[in-house]
Amino acid sequence: MKEECQKCAELFVRHEILSPAQLTKTIRVLRANVADGTLVDITQPAHSPSGEFSELSDVAPWPDYVEHYFRCTACGQRFRLSADTYHGAGGEWELF
């Protein structure tokens, strides 16, 4: 296991996203972390079913499937946000 990074320590927790409200909250937290320089979006837009993260809405409706990748600017830890919004199967925030 990696040594704890002070910059991304609060994001180091895997959690399921079981509702639209949880996805909204997760997107807003990620947006704030990108804005303050904690994370950088490393998603390849051509490979993301939901396009660019900067253009992803904070609230529904979303694309059928949301998938974005991020990297901590201090330690390089990678993270993944995924959610199946079409089938309502939920999603997760996880280390990648």
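Name every residue in the range 16-28 that is exposed (fewer than 13 other Cβ atoms within 10 Å of the Cβ) and either farther than 17 Å from ALA89 by Cα or within 11 Å of the chain's Cα centre (by Cα) (or both), in order of residue number.
ARG28
Looking at (1) under 12 Å from the mean Cα position of the chain (by Cα); (2) on the phi > 0 side of the Ramachandran plot, which is the only condition GLY88 fails?
Every condition holds for GLY88 apart from (1).
Being farther than 16 Å from VAL40 by Cβ, touching a residue at least 24 places away in the same chain (Cβ under 8 Å) and part of a strand (DSSP E or B) is the filter here, so list the residues in the range 56-69 that pass it.
Once the filter is applied, which keeps residues that are farther than 16 Å from VAL40 by Cβ, touching a residue at least 24 places away in the same chain (Cβ under 8 Å) and part of a strand (DSSP E or B), the range 56-69 yields VAL66, GLU67.
Which residues, taken from the range 29-51, are among the acidic types (Asp, Glu) and under 23 Å from ALA89 (Cα atoms)?
If the condition is that a residue be among the acidic types (Asp, Glu) and under 23 Å from ALA89 (Cα atoms), then no residue fits.
Looking at (1) of a type in the set (Val, Ile, Thr); (2) closer than 19 Å to THR85 by Cα; (3) more than 14 Å from the chain's Cα centre (by Cα), which one does THR73 not meet, given that it meets all the others?
Condition not satisfied by THR73: (2).
In the range 20-65, what residues are hydroxyl-bearing (Ser, Thr, Tyr) and under 18 Å from ALA9 (Cα atoms)?
Listed by number, the residues that qualify are THR26, THR38.
Kindly indicate the residue of the range 49-74 that is out of contact with any Gly (no Cβ under 9 Å at 6 or more places or on another chain), among the hydrophobic types (A, V, I, L, M, F, W, C) and modelled with pLDDT under 95 and also surrounded by the most Cβ atoms within 10 Å (Cβ to Cβ) among those meeting that condition.
Among those residues, the one meeting the criterion is PHE53.
Here's the yes/no breakdown for (1) part of a strand (DSSP E or B); (2) touching a residue at least 60 places away in the same chain (Cβ under 8 Å); (3) not aromatic (Phe, Trp, Tyr):
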| site | (1), (2), (3) |
| --- | --- |
| LEU23 | no, yes, yes |
| VAL34 | no, no, yes |
| SER50 | no, no, yes |
| ARG71 | yes, no, yes |
| ALA83 | yes, yes, yes |
| GLY88 | no, no, yes |
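Counting only residues that are modelled with pLDDT of 90 or more and crowded, with 16+ Cβ neighbours inside 10 Å, how many does the range 76-91 have?
7
For the range 34-42, state whether one or more residues are farther than 22 Å from GLN6 by Cβ and modelled with pLDDT of 90 or more.
no
The values are calculated or read from the model by the stated rules, or taken from the named source; none is laboratory data. Bear in mind the structure is a predicted one, so any value in this text is a computation, not a measurement. Cβ: placed from backbone, ideal geometry, glycine included. Neighbour counts: every protein chain shown.
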